[in-house]
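Contents: one structure, followed by commentary.
The values are calculated or read from the model by the stated rules, or taken from the named source; none is laboratory data. Every value quoted in this text rests on a predicted model; they were computed, and no experiment measured them. Positions of Cβ are generated from backbone atoms using ideal geometry, with glycine treated the same way; all protein chains shown enter the neighbour counts. Ligands, DNA and RNA are stripped out before the accessible areas are found, and what is left, the full protein with its side chains, is counted by its heavy atoms. Shrake-Rupley method; radii C 1.70, N 1.55, O 1.52, S 1.80 Å.
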Amino acid sequence: MINLDLSTLNPLEKKIHKQMIRHSRTMPGIKINQAAELCQCSVSKISKFVKKLGFSSYRQYLDFLYGREIPPAAGSDELSRVKSFIDTFDNGMVDDLLTLIDGHGKIIFFGYGPSLLCARYFEYRFHNCSDKPAMAVSDEVTLNNLVDDTTLLLILTETGRFKSFELVYERAKRNGATVVILVEEYNTDLFNQCDNIFWLSRTAQPEHLKPYEKSRTLFFIFLEEIIQRLLVKKE
C-alpha cells in the first residue's frame, strides 16, 4: 500500500517531481545522483522528497515513475498470521458458539489483562445485539457470585499460560455453569479447565513476546462474526 500525497510537497519538491517525470520520458533508469544533477539539488534532498511523497525508497519511486509493477512490501508476521486465519476461517465454529449462546440465558465474559479489555468490548457489543444479560469480569469472587445453571462463561485468553483457570472452572461447574475457553494459541493444559475449547490459530505469535504483549486480533475477528450473526437474527 502506498499513499501518494502531492499536497504536502513544497514548491521545490513539486518542481523536482515535474522534472523527474519529464526526464523519465527520454532517460531510462535515472540514478539518484543523476536525479540530483537534473533537479539541481542534493542527493539527500531527492531522498527526502521520495519519502515525503510516500515511497519507501528511491528505487520504489523509479518503479512508479517508469510504470513498472511495484513489488509488495513484506508483511509482518502478524499480518501473515491474520491472513492465514481468514483464509482458513471455520464458520462451523461460529455456528457452534452461537448454539451455546442460544442455549443459555446469561453470558459472562472473563479474562485477565488485555483479554479482559477485549471481554469488556464484547460485553458492550453484545448488549446491542441481544436481550440476554451479558457482563465482563476479571474478579474471581465476583464471578463466583454471578454464575448459575443458566450461565455461559466465556473465558478469553491468548495463550492460557498467564494464570490457570482450574479454580474458576471448578467453582463455575459447582454452580451449574457451562465453561468455554476461547484461546488463540494451542495449549493442552487447558483441556481440564473448561467444557469446550475454541482454538483459533494454528500459528503462534513470536515466543519472545510475553502473553500480555501478544495481540488479540483473532478474538475480534471471530467474535465480530458472532455479533454480526446475532444482529441479523435480531432483525
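Tabulated results
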{"item": "Residues that are assigned to a helix (DSSP H, G or I), surrounded by fewer than 16 Cβ atoms within 10 Å (Cβ to Cβ) and not small (Gly, Ala, Ser), drawn from region 86-119", "result": "ILE86, ASP87, ASN91, ASP95, ASP96, LEU98, THR99, ASP102, LEU117"}
{"item": "Qualifying residues in region 171-224 (those that are without any contact (Cβ under 8 Å) to a residue 40 or more places away in the chain and among the β-branched types (Val, Ile, Thr)) - the one farthest from SER130 (Cα to Cα)", "result": "THR188"}
{"item": "Pairs with Cβ under 7 Å, 6+ apart, first in region 149-170 and surrounded by 13 or more Cβ atoms within 10 Å (Cβ to Cβ), second of a type in the set (Asp, Glu)", "result": "GLU158/GLU184; GLU158/GLU185; THR159/GLU185; GLY160/ASP189; VAL168/GLU140"}
{"item": "Any hit, region 17-36, residues being of a type in the set (A, V, I, L, M) and assigned to a loop (DSSP other than H, G, I, E, B)", "result": "yes"}
{"item": "Top-ranked residue of region 197-235 - restricted to ones that are among the aliphatic types (A, V, I, L, M), open to solvent by less than 30 Å² (accessible area, probe 1.4 Å) and in a helix (DSSP H, G or I), ranked as nearest to GLY113 (Cα to Cα)", "result": "LEU218"}
{"item": "Within region 40-55, tally of residues that are without any contact (Cβ under 8 Å) to a residue 12 or more places away in the chain and either within 11 Å of ILE16 (Cα to Cα) or not aliphatic (A, V, I, L, M) (or both)", "result": "6"}
{"item": "Within region 189-215, considering residues that are of a type in the set (A, V, I, L, M) and at pLDDT 80 or above, the one nearest to the chain's Cα centre (by Cα)", "result": "LEU200"}
